[in-house]
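The values are calculated or read from the model by the stated rules, or taken from the named source; none is laboratory data. Keep in mind that this is a model prediction, so the values were computed, not measured. Virtual Cβ from ideal backbone geometry, glycine too; neighbours counted across all protein chains shown.
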Ligand SMILES: NC(=O)c1ccc[n+]([C@@H]2O[C@H](COP(=O)([O-])OP(=O)(O)OC[C@H]3O[C@@H](n4cnc5c(N)ncnc54)[C@H](O)[C@@H]3O)[C@@H](O)[C@H]2O)c1
């Protein structure tokens, strides 16, 4: 099956990045949101990022226009009816995602592959609400999608080989490298990244180390482009908190239990860059 038309559900941080990268590879994109207001905000963020790329000389003005012309926004999921692949990148909540998969199963043709960008939730649970579980797969991009070259591809026990093969070729056409994982809580990246960040937070909470010192050690000592707490601020403290809680709920392994400091930061809205405050402050406000 040749993929030409790609649907994306959710135009937040990940959905907008996925739409941008797919359009830059020449795919026709339909992207949905819950309201025109949220949709327009997401589409605007794609425009802003492409304009920055023009200003930096990475792409031409013509490229920017061509990419934007390939992206069509909607608030009606029936507009996915001509898509060969739909990638769900909505809020990390299993009930929301199951509702979306159930709708996609009704509006998309039988051959359409339905993928989720979930970081930790069960792909099998989403597949089970459809009448095509063999065509459901996890396609987990990393943030920021235009920059990160990896895709973790999650195969359930019923995902067919042809679904895996077509999805893999699609991701490679975007310039990504694919690693195939099993449908277990956190897959590979979440299983390792989550306790790494949680352990850094535990050192801050116990007043053993400052965020700057932890991050400097990993930037200069381990060659990481960002330390664990800088990364947490970029990804969102709430996102990592929810991911850790979801893995803990499944595995009951204490290394995934979020520290109290993290819980309090979420309560206070210290979510990282997106709210202007996390482990660091962002004087220019939200970014
Ligand atoms: N942020 C990250 O670093 C990151 C990395 C990898 C994967 N993910 C995963 O990607 C997914 C999206 O994360 P995000 O960071 O982009 O979240 P986000 O909050 O920025 O965006 C989610 C968007 O989904 C929209 N949405 C909710 N229900 C919807 C529906 N029924 N139809 C259409 N849109 C709907 C929301 O309005 C919101 O704009 C999550 O599953 C998350 O775990 C996030």
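Here are the numbers for the structure shown:
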read-out	value
Residue in region 44-61 that is more than 11 Å from the ligand (Cβ to nearest atom), in contact (Cβ under 8 Å) with a residue 24 or more places away in the chain, assigned to a helix (DSSP H, G or I) and within 30 Å of residue 241 (Cβ to Cβ) present	yes
Top-ranked residue of region 222-240 - restricted to ones that are more than 12 Å from the ligand (Cβ to nearest atom) and part of a helix (DSSP H, G or I), ranked as surrounded by the most Cβ atoms within 10 Å (Cβ to Cβ)	229
Matching option when the condition is under 15 Å from residue 186 (Cα atoms), more than 10 Å from the ligand (Cβ to nearest atom) and assigned by TED's automatic domain parsing to the domain that holds residue 77, among 137, 157	137
Among residues of region 95-143, those that are assigned to a loop (DSSP other than H, G, I, E, B), surrounded by fewer than 20 Cβ atoms within 10 Å (Cβ to Cβ) and in contact (Cβ under 8 Å) with a residue 40 or more places away in the chain, counted	3
Restricting region 209-232 to residues that are touching a residue at least 40 places away in the same chain (Cβ under 8 Å) and within 24 Å of the chain's Cα centre (by Cα), the residue that is farthest from residue 143 (Cα to Cα)	229
Which listed residue, of 37, 92, 78, is assigned to a loop (DSSP other than H, G, I, E, B) and within 14 Å of the ligand (Cβ to nearest atom)	92
Residues (within 24 Å of residue 149 (Cα to Cα) and touching a strand residue (DSSP E or B) at 6+ places or on another chain (Cβ under 8 Å)) located in region 22-44	22, 23, 27, 28, 29, 30, 31, 42, 43
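Let's see how each residue does on (1) surrounded by fewer than 17 Cβ atoms within 10 Å (Cβ to Cβ); (2) touching a helix residue (DSSP H, G or I) at 6+ places or on another chain (Cβ under 9 Å):
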{"site": "167", "(1), (2)": "no, no"}
{"site": "194", "(1), (2)": "no, yes"}
{"site": "198", "(1), (2)": "no, yes"}
{"site": "210", "(1), (2)": "yes, yes"}
{"site": "214", "(1), (2)": "no, yes"}
{"site": "217", "(1), (2)": "yes, no"}
{"site": "220", "(1), (2)": "yes, no"}
